[in-house]
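Read-outs throughout are calculated quantities, based only on the coordinates presented, and are distinct from any laboratory measurement. Here the structure is a predicted model, which is why all the values come from computation and not from measurement. Here the Cβ is made from the backbone with ideal geometry for all residues, glycine too, and neighbour counts use every protein chain on show.
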Amino acid sequence: MFYRETGQFKTNYADDQAIFPIAQDRWGIYIILGLAFLAAPLIMDDYWGNAILIPFLIYSLIALGLNILVGYCGQISLGTAAFMAVGSYASFKLMTSFPGLDFTIVVILSGLMTALVGMMFGLPSLRIKGFYLAVATLAAQFFLIWLFNKVEWFYNYSATGQISAPERTAFMFPVTGPSASVLYKYYFCLCIVVITALATKNVVRGRIGRSWMAIRDMDIAAELIGVRPVYAKLSAFAFSSFLIGMGGALYFGVWLGAAEPTEAFGIDQSFQILFMVIIGGLGSILGAFLGAGFLWLLPIVLKNFMVDMLGLSTAFSEHMQVIIVGALIIIFLIVEPHGLARLWQILKEKMRLWPFPH
Amino acid sequence: MAFDLFLLEVIVTGLLAGVMYALVALGFVLIFKASGVFNFAQGVMCLFAALTLAGIMEKTGWPAWVAIPLTIGVMIALAWLIERLVLRHLINQDPIILFMATIGLAYVLEGSGDIIWGSDVKVLDIGLPQGAVDWLLDTHNFYIEKLEIFAAVIAAVLVGVLAIFFQKTRIGRALRAVADDHQAALSVGISLRTIWVIVWSVAGIVALVAGVVWGTKSGVQFSLSLIALKALPVLILGGFTSIPGAIVGGLIIGVGEKLAEVYMGPLVGGAVENWFAYMLALAFLLIRPQGLFGEKIIERV
Amino acid sequence: MNMHSSVNSTTAFDTSSQSDQDVLISLDHVSLSFGGVKAISDISFNIKKGEIRAIIGPNGAGKTSMLNVINGFYHPQEGTITWRGKVRRKMKPYEAASNGIARTFQNVALFKGMSTLDNIMTGRGLKMKTNFFWQCLRVGPALKEEIANREKVEEIIEFLEIQHIRRTPVGRLPYGLQKRVELARALAMEPELLLLDEPMAGMNIEEKTDMSRFILDVNDQYGTTIALIEHDMGVVMDLSDRVVVLDYGRKIADGAPKEVQSSQAVIDAYLGVSH
């Protein structure tokens, strides 16, 4: 009754092609953004910031990036963590080589570098498809991590082989390093995520996004109507890696503060993000957020429940978490292979008809 | 002379490591052929099988000849459960969805294995021969482990049995029919579900063999499940549906990796083994996308 | 260097099509084989500007392969293809597309995850030029371009009478409508040559009538040259200006529908001959 497009007439194509053509959706987004920008600071403390909101935002950004590649362009990647690592190490090198550089610039440049590396590892996609490509991205995963372990220049010859983020500012506010306030960090991540999500939404509903989806749905037909596979695939790899690289810079610089390649960027991390994309919904911007939220919060909730409420041992609850996450993935794939985003869509369709379903 | 012997030793060690990869890849190929599922959980199945065997022997003190059939039973029950709870509900889904489901399955198996049998490293000793082959060591100063030779023999026997199973039996024919075309197979009265249970059981038993050999060599532990990832480049080389391809691919990867580690490793700081297989597969893909034994694919519209 | 190559192509032009200035594409002695199997052997024929050209023949005669050769999906081992008077190099499908060759498929090849509108908009891809940066912002030139092309697409939607399914994901559409959307997508490219691979396969009489009307209208209103493969002889005879008949990868007849119909070779190919 309340969610309905009746009476909202579009008189030109610009309105008809707006991001949220339905007024109720538009208001919903304003409310969420309002909450994120105005209400979140009220509850912000170290726990909420560092354990929940900041990682949620960063994972959303990375999932968004992977979703471009897998969900929109149909190219499977198992090397996400390696591209995060490229972003992280790029940001580390930039921060230490150019101390005066604003962290915003660092993040963007790291994204660009990752885009270059991503395109390089995307080249095989021009000849191979599907699982074969997945193996090619595994090559990226193992090779890049090895590189960051072996080449000392990447971690500035530090004895531990770790990288740690020095204190840097974005628009005069300190956002990295141990003394940066959680609130600044949160706002910084939020701004980047909101802007990129908007830009991504614009790209996927324009010419370039359509060429990605065309390649995904039927690559031969796409080529025969004039989509150049080289451009479509490489641009998807580039844009996807750009977002993942920015995410990687935030992941290391803002959130972790210090990182070591094998631990922080392992293959499990790659799978985790792939799960976020699949459970959230392939080919959906909203899905990236839902998936990241779900998979990031689930273990926290489970842990709180099992360890704190049921008093189970930490080791046992960790194993249980693994099982539950695995089982949930299977259940999700069986019940709704198109993910949370599709569930939301179905709910909206229902609401449109409510309370008269016929 | 000494140098040549060293080279030979590296190659032989590589070949035998390759046999292990081939065993894991074999499990992949079996399942992929019969159900089109790219089973990421194959590695964890090796771990799970070896854990179960080691666990049974440790907790009950029963000898291997009792514990092994029991473990085989567990693997068959597992195959049945997987068909019942997972595969049956995912018929006609995209390959990527099935693939993701097997990753989920891998998580479940890994967690359950840890909870049931504990996550500590287990020693697995079912009386397989261990240590160096003394005769070669004494006469030629040439080091090979007995276990590795044993593994090669086992692998050869396994491949032989599977080949006969596929070519000569009624079930084998049905399996090949299913591999060619699910719907056509259904229409001539082959039960997909039964076939899947059988194939996953066989893959489970192959996993057990791989798990036992590997586990005897370096203990049953989590890293066992990671050889699944090494089996991927093997599959690329050999093609996803070719059993001989899996064997040859495994051997090439095994030898290539060892040679790279020995001759290239020192130049770049070692641990080349981590990524060499993937890079080799990648280079290979760019030259021959259909694999060693695959046919050139003609695309149609 | 440049001079030289242009001279070359002019010569080719002269030899291949001396008299017919209005020939759009001509294939000369084209042969195509896969491994040892010959799909097309030594076929020559041309398509003139503005005509509806039918390619018919029994199953496996090489009709679809012929279309695939024309739009660069397969590369013939022998023979030359002259497009708009110039001998064409080995050409990629997207190059053929940007040269004005559009195509529909025997088994509908729509982008299943996208709506009807998006499918047709994808066909406009070649006409859209704004760069990545503007696409991210979707203001200024990007938005203007998007709207201009949307207007064009709406014209086509109206022309093919598919307004009601504009927002429907194409996967949910019935077969007949999918074929129509596919035609719309091809038309969105504003092609010079439109290749239709069995546009009426699996349709009922009404849908066939509709589709025939659309094909004639496209030919009429936009002046698009059309090459079509079709099994329904009634439709072929009514629609086409000239017909080429293939059998086992060879050309067995070529000419106006009436001539072809009475050709002994064609009757033999379709009805079989007693040996």
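Select from the range A:17-75 the residues that are exposed (fewer than 13 other Cβ atoms within 10 Å of the Cβ), touching a residue at least 24 places away in the same chain (Cβ under 8 Å) and closer than 16 Å to A:ILE195 by Cα and list them in ascending order.
Within the range A:17-75, A:LEU33 is the sole residue that qualifies.
Can you tell me which residues in the range C:138-153 are surrounded by fewer than 16 Cβ atoms within 10 Å (Cβ to Cβ) and at the interface with chain A (Cβ under 8 Å from one of its Cβ atoms)?
Passing the criteria: C:ILE147, C:GLU151.
Table: residues versus (1) within 14 Å of chain A (Cβ to nearest Cβ); (2) surrounded by fewer than 24 Cβ atoms within 10 Å (Cβ to Cβ); (3) not aromatic (Phe, Trp, Tyr).
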residue: B:GLY204; (1), (2), (3): no, no, yes
residue: B:ALA210; (1), (2), (3): no, no, yes
residue: B:LYS217; (1), (2), (3): no, yes, yes
residue: B:LEU232; (1), (2), (3): yes, no, yes
residue: B:VAL255; (1), (2), (3): no, yes, yes
residue: B:GLU261; (1), (2), (3): yes, yes, yes
residue: B:TYR278; (1), (2), (3): yes, no, no
residue: B:ILE287; (1), (2), (3): yes, yes, yes
residue: B:GLN290; (1), (2), (3): yes, yes, yes
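Is it true that some residue in the range B:93-100 is over 23 Å from the mean Cα position of the chain (by Cα) and either assigned to a helix (DSSP H, G or I) or touching a residue at least 40 places away in the same chain (Cβ under 8 Å) (or both)?
Checking the range B:93-100: not a single residue is over 23 Å from the mean Cα position of the chain (by Cα) and either assigned to a helix (DSSP H, G or I) or touching a residue at least 40 places away in the same chain (Cβ under 8 Å) (or both).
Does any residue of the range C:113-124 turn out to be away from every other protein chain (no Cβ under 11 Å) and among the acidic types (Asp, Glu)?
No: zero hits.
Here are B:LEU53, B:LEU124: which of them is within 22 Å of the chain's Cα centre (by Cα) and part of a helix (DSSP H, G or I)?
After applying the criteria, what remains is B:LEU53.
Scan the range A:304-317 for residues that are more than 8 Å from every other protein chain (Cβ to nearest Cβ) and surrounded by fewer than 20 Cβ atoms within 10 Å (Cβ to Cβ) and jot them down.
Correct list: A:ASN304, A:PHE305, A:MET306, A:VAL307, A:ASP308, A:MET309, A:LEU310, A:GLY311, A:LEU312, A:SER313, A:THR314.
In the set B:ILE76, B:ILE68, B:ILE72, B:ILE11, which member is out of contact with any strand residue (DSSP E or B) (no Cβ under 7 Å at 6 or more places or on another chain) and more than 30 Å from B:GLY131 (Cα to Cα)?
From the options B:ILE76, B:ILE68, B:ILE72, B:ILE11, the qualifying one is B:ILE76.
Within the range B:98-137, take every residue that is at the interface with another protein chain (Cβ under 8 Å from one of its Cβ atoms) and of a type in the set (S, T, N, Q) and give me the one that is surrounded by the most Cβ atoms within 10 Å (Cβ to Cβ).
Ranking the candidates gives B:SER112 first.
Scanning for something assigned to a loop (DSSP other than H, G, I, E, B), crowded, with 23+ Cβ neighbours inside 10 Å and of a type in the set (A, V, I, L, M), does the range A:177-189 turn up at least one residue?
No.
Within the range C:189-246, which residues are closer than 18 Å to C:LEU24 by Cβ, of a type in the set (D, E, K, R) and part of a helix (DSSP H, G or I)?
Result: C:ASP220, single match.
For the range A:285-303, which residues satisfy the criterion of being buried (at least 16 other Cβ atoms within 10 Å of the Cβ) and hydrophobic (A, V, I, L, M, F, W, C)?
A:ILE285, A:LEU286, A:ALA288, A:PHE289, A:LEU290, A:ALA292, A:PHE294, A:LEU295, A:TRP296, A:LEU302
With the range B:177-289 as the region, which helices (runs of 4 or more DSSP H) entirely inside it contain at least 3 residues that are without any contact (Cβ under 8 Å) to a residue 12 or more places away in the chain?
The qualifying helices (runs of 4 or more DSSP H) are B:182-187, B:265-268, B:273-287.
State whether the residues of the range B:73-96 include one that is more than 14 Å from chain A (Cβ to nearest Cβ) and among the β-branched types (Val, Ile, Thr).
The answer is yes, given that some residue of the range B:73-96 is more than 14 Å from chain A (Cβ to nearest Cβ) and among the β-branched types (Val, Ile, Thr).
Condition first: over 25 Å from A:VAL204 (Cβ atoms) and at the interface with chain A (Cβ under 8 Å from one of its Cβ atoms). Can you find one or more residues in the range C:81-101 that meet it?
Within the range C:81-101, one or more residues are over 25 Å from A:VAL204 (Cβ atoms) and at the interface with chain A (Cβ under 8 Å from one of its Cβ atoms).
When you scan the range A:204-258 for helices (runs of 4 or more DSSP H) that lie fully inside it, which ones turn up with 2 or more residues that are facing chain C (nearest Cβ under 7 Å) and among the charged types (D, E, K, R)?
By residue number, A:207-217.
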